Amino acid sequence: MIRLISPRRLKELGILGMNRRNVGFIGKYNPRRNYRLVDDKLLTKEAAIKNNIPVPELYAVIEAQHQIAAATEALSAHEAFVIKPVQGSGGKGILVIVGREGDQFRKSSGTLISAEEVRRHLSNTLAGLYSLGGRNDRAMVEAMIQFDPYLEKYSYEGVPDIRVIAFKGVPVMAMMRCATHASDGKANLHQGAVGVGIDIATGKSVRAVQHGHLVTTHPDTGASFDELQLPYWDRILDLGSRCVEMTGLGYLGVDIVLDKTRGPVLLELNARPGLAIQVANMAGLRHRLATAEKIAAETDDHNMKIALARQHFGVHA
Amino acid sequence: MASKTQIAFIAGTLFLLGVGLTLYKAFSLGFPLVPGEYREVWTIESKISFTPSKDQPVQVDLTLPEPLAGWVLLEEHFASSGFGFTVAEEASRRKARWTRQSMEDSTTLYYKLQAYQPSSAELADLPATLQEKPLLENDQATAMERLIGKLREQSADTDTFVALLVTEFNEESQDLDAQFLLGTFEESPEVVMLAVLAHAGIPAHEIRGIRLEDGRRRQTLSSLLEFHNGDRWVVIDPASANIGMPANFFVWQRGSDALLAVAGGSNSTLQFALVSNSLPAKAVIGMEQRAHEYALLDFSIYALPVEQQGVFKGLMLIPVAALVVVIMRLIVGLKTSGTFMPILIALAFLQTQLLTGLVLFITLVGVGLWIRSFLSHLNLLLVSRISAVIIVVIFMMATTAILSYKFGLDRALTVTFFPTIILSWTIERMSILWEEEGFREVFKQGGGSLVVAVLSYLVMTNRLVEHLTFNFPELTLSLLAIILLLGKYTGYRLSELYRFRDLDKQQ
């Protein structure tokens, strides 16, 4: 017999369901015309730079098939880089090159690929293989994040990223996603990455969950999640809530990575952030969103909103 | 809140409109709400096409069918724009006559009738009069005599004589005399057979009519032979030599006269489009009684031309399938690949039947995925890769059709109706999914799509649903209302009760 949770209990816990998220939040607070800024990563980057939000450095943009050969040639100037589809979704089509081995490129997983395979990846990207709705796309090449050594032990073959859900400028919930061997280096909770719920008040871990079960240590590196305290927490919250102002989207998922030298850097924005963050935090979003609505009604001040959020959503008193 | 009241208002209006119209039809017009006893009603649309001769008056005569062999004619429609039109009674036969002074372009005239056969009845008795003997050349007469002599020798009575004659004209290894007669008469085998029967002194004539096949377009007239065995009239199928009236044969006329006469035109053809509807017996009786007011009162699909009726029969089922998709996605939370792919797959299943459809679909998609993974190694651009997949899918469908034909599996032949594009897109989507998210996601979304498709299929083939959508198309408005309301559903999905099941225990 499949064990289910009763809808009434879910409601008590304040779990946000997919239908309510779509109708009550995305449909209501995220105007369609503003999606472009989020779905097009080049526009996001441009806007972020204008708003003094740090982003990874852009190396090149490839717009047409005939530019691929020359562009791949030009990439030899960089030891490490990341190729992304400009309008990609769900982390699809991201190729991370961490270094060189003669003529070959080393992927983040350690396997070597030839320049030919890099060109094929670019060609597929331009044809829209990884993009929303399969439209023709562009590819962008940006600097690889040298992630903060403090987080190294929390990730296996990949960059741990921090997801902050911000509603009307109030940071509501946060988690860190750590890639594991099981998730094939991808920070996707479905595929077995560990989701670590983060306390909004302190930046400390609340709990860590893999495949829906609590874990205390990273399954591959053995690092204990109990001791995790994210550095630059103030700046992370600040960045998260500033993105809401920048995009005009009320309900936003902000993906942040910690760079060794630059601190929190905006990786990408998501106008339809998933619900897995509730599983990582073992807490529901609905009550927090209601509180956030009150906070936003109370004050317009950016810092005030964050201060109130830390006060209300703190778990470690 | 404003949008909520708006939705509630629109949905309420639509729902009441749909239900109201349905109730009106049910109680005022006597349409039964539940499918009771059914009558197979055939709509036969006759299409007369011809090329008019220059500067000549045009006259088109069509002999209209008589109610024979238990057939009941329900209603008739004539389409004749620009023509003078009369229905005349001539020698106890009704004839439709279209006339026009002159015309330039080739044109088409329509005659539509609805008919059903409550029970098959014997044809009425006729006096046995021998048909006219055709004049024969000397060599033809000799061949005829030899053939009749040979058949007489082999047969016991008139029945076996005629049966042998029909077989002789159908067999591959025809009698030399029979071959000769066929060759020199330059007429259809039925005419030659009638000539032989005339010379043998057996009264016989043709029965003209239509072999009924649902959804068939461009059907042509068929002939049966009727002969008198000294005792009574017997019907024989000149194609199969089967004795008796074949099933699903609409008798148009008893006798060999031509149905269609066109003066002032050439290249005339008479073709039929056929659709069968299962109608509740009660409604059919109502149609008989008020054949005229019926057309005014009813705005059901029956008002459409026959060819479109067939299409609409399937089309009206799509909203129901859409409701299934909406429920499965919003309330149950199944993942499907694309919103309407399941509906299209279900429509394909309607043509192949469920089990064959499922097996073929899974096989074709499986093989397609395997081929596509090979194509992806060739490093092709996306557009040409998808096109290549489409071509491979077509090849696979052709192979399946040929193989199944060779093995005598007629069912599998219908796989050609599977929309190629849908199959190719399914394959393409699934393989991208496979590369990006792994097999689990392919299994989830592909499986979800199939489950929803199967459910839609089951709902669409339900007798009651078929009955309601076809006889009460206004119910679609109510369906639309329900779908609109579901669009505002913010409750949990069934799948979320599973997804978040651990949140409780570990608090």
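The values are calculated or read from the model by the stated rules, or taken from the named source; none is laboratory data. All figures in this text were calculated on a predicted structure; none of them were measured in a lab. Cβ placement follows ideal geometry from the backbone for every residue including glycine, while neighbour counts extend to all protein chains displayed.
Residues that are outside any strand (DSSP E or B) and within 11 Å of the chain's Cα centre (by Cα) within segment A:241-276 comprise A:273, A:274, listed in sequence order. Just one of the listed residues (B:338, B:357, B:366) is part of a helix (DSSP H, G or I) and either surrounded by fewer than 17 Cβ atoms within 10 Å (Cβ to Cβ) or in contact with a Pro (Cβ under 7 Å, 6 or more places away or on another chain) (or both), and it is B:366. Annotation: residue A:159 fulfils all but one of (1) crowded, with 22+ Cβ neighbours inside 10 Å; (2) aliphatic (A, V, I, L, M); (3) under 20 Å from residue A:242 (Cβ atoms); the unmet one is (3).
Scanning segment A:26-48 for residues that are of a type in the set (A, V, I, L, M, F, W, C) and either free of Cβ contacts under 8 Å to residues at least 12 places away in the same chain or touching a Leu at 6+ places or on another chain (Cβ under 7 Å) (or both) turns up A:37, A:38, A:43, A:47, A:48.
Residue count for segment A:275-298 satisfying the condition of being over 19 Å from residue A:199 (Cβ atoms) and away from every other protein chain (no Cβ under 11 Å): 6. Looking at segment A:5-106, none of the helices (runs of 4 or more DSSP H) lying wholly inside it contains 1 or more residues that are among the acidic types (Asp, Glu), within 14 Å of another protein chain (Cβ to nearest Cβ) and touching an Asp or Glu at 6+ places or on another chain (Cβ under 7 Å).
Conditions tested, residue by residue: (1) surrounded by fewer than 16 Cβ atoms within 10 Å (Cβ to Cβ); (2) in a helix (DSSP H, G or I); (3) more than 12 Å from chain A (Cβ to nearest Cβ).
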{"position": "B:432", "(1), (2), (3)": "no, yes, no"}
{"position": "B:442", "(1), (2), (3)": "no, yes, yes"}
{"position": "B:449", "(1), (2), (3)": "no, yes, yes"}
{"position": "B:457", "(1), (2), (3)": "no, yes, yes"}
{"position": "B:477", "(1), (2), (3)": "no, yes, yes"}
{"position": "B:489", "(1), (2), (3)": "no, no, no"}
{"position": "B:496", "(1), (2), (3)": "no, yes, no"}
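Kindly evaluate residue B:233 against the criterion of being touching a residue at least 40 places away in the same chain (Cβ under 8 Å) and closer than 30 Å to residue B:311 by Cα. Judged against the criteria, residue B:233 is not a match.
At positive phi and assigned to a loop (DSSP other than H, G, I, E, B) - does that describe any residue in segment B:187-198? Checked against the condition, which is being at positive phi and assigned to a loop (DSSP other than H, G, I, E, B), segment B:187-198 yields no hits at all. Looking at (1) at pLDDT 75 or above; (2) within 27 Å of residue B:311 (Cα to Cα), find the lone condition where residue B:410 falls short. Residue B:410 satisfies every listed condition except (1). Looking at segment B:220-227, is at least one residue surrounded by fewer than 16 Cβ atoms within 10 Å (Cβ to Cβ), of a type outside the set (Phe, Trp, Tyr) and touching an Asp or Glu at 6+ places or on another chain (Cβ under 9 Å)? Among the residues of segment B:220-227, not one is surrounded by fewer than 16 Cβ atoms within 10 Å (Cβ to Cβ), of a type outside the set (Phe, Trp, Tyr) and touching an Asp or Glu at 6+ places or on another chain (Cβ under 9 Å), which makes the answer no. When the residues of segment A:107-141 are filtered to those that are of a type in the set (Ser, Thr, Tyr) and in a helix (DSSP H, G or I), the one that is farthest from the other protein chains (Cβ to nearest Cβ) is A:125. State all residues of segment A:30-44 that are surrounded by fewer than 19 Cβ atoms within 10 Å (Cβ to Cβ) and under 19 Å from residue A:82 (Cα atoms); if no residue qualifies, say none. Result: A:40, A:42, A:43. If you go through segment A:78-103 and keep only what is more than 20 Å from the chain's Cα centre (by Cα) and surrounded by 16 or more Cβ atoms within 10 Å (Cβ to Cβ), you end up with A:78, A:80.
Take residue A:155 and decide whether it is out of contact with any helix residue (DSSP H, G or I) (no Cβ under 8 Å at 6 or more places or on another chain), in the same structural domain as residue A:76 (by TED's automatic domain parsing) and among the hydroxyl-bearing types (Ser, Thr, Tyr).
Numbers: out of contact with any helix residue (DSSP H, G or I) (no Cβ under 8 Å at 6 or more places or on another chain): yes; in the same structural domain as residue A:76 (by TED's automatic domain parsing): no; among the hydroxyl-bearing types (Ser, Thr, Tyr): yes.
Judged against the criteria, residue A:155 is not a match.
Selection of segment A:72-89 for residues being in contact (Cβ under 8 Å) with a residue 40 or more places away in the chain and either touching a Cys at 6+ places or on another chain (Cβ under 8 Å) or over 17 Å from residue A:144 (Cα atoms) (or both) yields A:87, A:88, A:89. Screening residue A:153 on (1) assigned to a loop (DSSP other than H, G, I, E, B); (2) at pLDDT below 85 shows it passes everything except condition (1). Within segment A:212-224, residues that are under 11 Å from residue A:156 (Cα atoms) have Cβ atoms under 6 Å from residues that are polar (S, T, N, Q) and outside any strand (DSSP E or B) in these pairs: A:219/A:180; A:220/A:180, counting only partners at least 6 apart in sequence or on another chain. When each of B:147, B:164, B:113, B:130 is tested for being out of contact with any helix residue (DSSP H, G or I) (no Cβ under 7 Å at 6 or more places or on another chain) and of a type in the set (A, V, I, L, M, F, W, C), the lone residue that passes is B:113.
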